[in-house]
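Below is one structure, written out as structure tokens, with a few remarks after it.
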Amino acid sequence: MDNWTRREMKGIPASLEALWTQKGDDGWRYAVKLDESHANAQGLIHGGVLMTFMDHALSLMVWEKSDRAFCSTVHLDSHFLSAVRPPAFVELEGEILKQGRNLAFARGVLKVEGKAVMEGKGVWSITRPQPSDG
């Protein structure tokens, strides 16, 4: 976890505990450190936990790309590629495919030790604050 910074989260993303961030030449990278508390009854990381991280991290990418305008997920497709055993440091490799004024399209791959475990792509709505009349 060299060069990663731990950041506390609020709301639903806090269920992932901390978000790990890393600033690179091409933007921010995101990761989570998952343990047995994130596992399902079979002892594997619950798919909903991975989906939550994918949604949150891709939303952060859209948020940064849109100059931190409000953004919300409209649609997110996800495909599980491999089971994840705790403990695991899960990293997102993501990209913004296209962005307009009101919509952004992004995709990402979650990886553990370089191995792809989940992929997803989605659409985000971007809402910019309206100037006040006063």
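The values are calculated or read from the model by the stated rules, or taken from the named source; none is laboratory data. Because the structure is a prediction, the values reported are computed rather than measured. Cβ sites come from the backbone with ideal geometry, for glycine too, and all protein chains shown count toward neighbours.
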For segment 115-126, check the following and say yes or no: at least one residue is assigned to a loop (DSSP other than H, G, I, E, B) and either touching a residue at least 60 places away in the same chain (Cβ under 8 Å) or out of contact with any His (no Cβ under 8 Å at 6 or more places or on another chain) (or both). no
Restricting segment 65-110 to residues that are in a loop (DSSP other than H, G, I, E, B) and touching a residue at least 40 places away in the same chain (Cβ under 8 Å), the residue that is surrounded by the most Cβ atoms within 10 Å (Cβ to Cβ): Val84
Take the residues of segment 118-134 that are surrounded by 10 or more Cβ atoms within 10 Å (Cβ to Cβ) and farther than 22 Å from Val49 by Cα: which is modelled with the lowest pLDDT? Arg128
Which condition from (1) over 13 Å from the mean Cα position of the chain (by Cα); (2) over 17 Å from Ala14 (Cα atoms) is the one that Glu95 breaks? (1)
Could you count how many residues in segment 14-35 are farther than 20 Å from Lys65 by Cα and either of a type in the set (Lys, Arg) or at pLDDT below 90 (or both)? 6
Out of (1) crowded, with 16+ Cβ neighbours inside 10 Å; (2) at pLDDT below 95, the one Val62 does not meet is (2)
Single unsatisfied condition, Ala39 versus (1) in contact with a strand residue (DSSP E or B) (Cβ under 8 Å, 6 or more places away or on another chain); (2) within 15 Å of Glu91 (Cα to Cα): (2)
Looking at Ala41 and the list (1) in a strand (DSSP E or B); (2) small (Gly, Ala, Ser); (3) loosely packed, with under 11 Cβ neighbours inside 10 Å, which single condition is not satisfied? (1)
